[in-house]
1. Against the longest principal axis of the chain, how steep is helix 42-53, in degrees 0 to 90 to the nearest 10, with axes from Cα atoms?
2. Determine, for segment 25-235, the count of lysine pairs separated by eight or more sequence positions (or lying on different chains) whose alpha-carbon distance falls under 21 Å.
3. Hey, what's the Kirkwood Rh for segment 25-235 if you take every pair of different alpha carbons, in angstrom?
4. Angle check, please: helix 204-215 long axis (alpha carbons) against the longest principal axis of the chain (alpha carbons), in degrees 0 to 90, nearest 10.
5. Remind me, relative contact order of the chain in percent, using alpha carbon pairs under 8 angstrom and six or more residues apart?
6. For helix 133-144, what angle does its Cα long axis make with the longest principal axis of the chain, in degrees from 0 to 90 and rounded to 10?
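Every read-out reported here was derived from the displayed coordinates using simple, explicitly stated rules and does not represent laboratory data. Given the structure is predicted, the values throughout are model-derived calculations rather than measurements.
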Amino acid sequence: MSPHLNQFEQPVGHSLPDWQSRPLPQHQVFTGESCRLEPFCAARHGDALSEAWGLAEDGRDWTYMFMGPFDDRQAWQDYFSQMEGSRDPLHFAVIDIVTEQAVGSLSLMRIQPEHGGVEVGHVAFSPRLKQTRMATEAHFLLMRYAFETLGYRRYEWKCDSCNAPSRKAAARLGFRYEGEFRQAIVYKGRSRDTSWFSIIDSEWPQVKKGLQRWLAEENFTAEGQQREKLEALRDRP
């Protein structure tokens, strides 16, 4: 129960007398050590993305996405046009700094500037991006933008409760599990229970510290293998 009481001795949330609505996220470029996030542009990123996503052996990466898989060029182009024109979700391409090619995408969505809340979603990482240093850094760059540049209070992750890899990824990155929204969505002809995760602003400093430690050059061997896991580095004082 909240320790804060109003004039009627009722418990209430802590006061935010100076709170003001936060800015809307904008299309900007965010540069890290291994990757760069760019505003998605169909002409600049479309061909590289469709080629990178096409390296997957089958369509399983799209099972828990609202869209895809795409069977022909027109379907790709229609989706890319939708991505480029959208402002919520606000899509970014993930660029491999070594090859200068797009290898995945992700977005900020369900943007609520009046409450300081935003969700990361539409995470579509190709085989060239999944389980790499770039993948973690892409998430870090977007988190840092939300918390430190925009001043948001809450950063969300949601997924199909059946999507075990997504749930595992959220926990690894430092999101806290909040529960299930049962029968929340109907998509692709089936019902979805939605798992909710979040990071709030008071947790961000420790989450950030863990991510920075994990992304540091000294945490990787010459072959690019991690020396210590992100979870261990985040829990360290």
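1. Compared with the principal axis, the helix lies near 80 degrees.
2. So the count works out to 12.
3. With all distinct Cα pairs of segment 25-235 included, I get 17.7 Å.
4. 30
5. Over the chain, the number comes to 16 percent.
6. The two axes meet at around 40 degrees.
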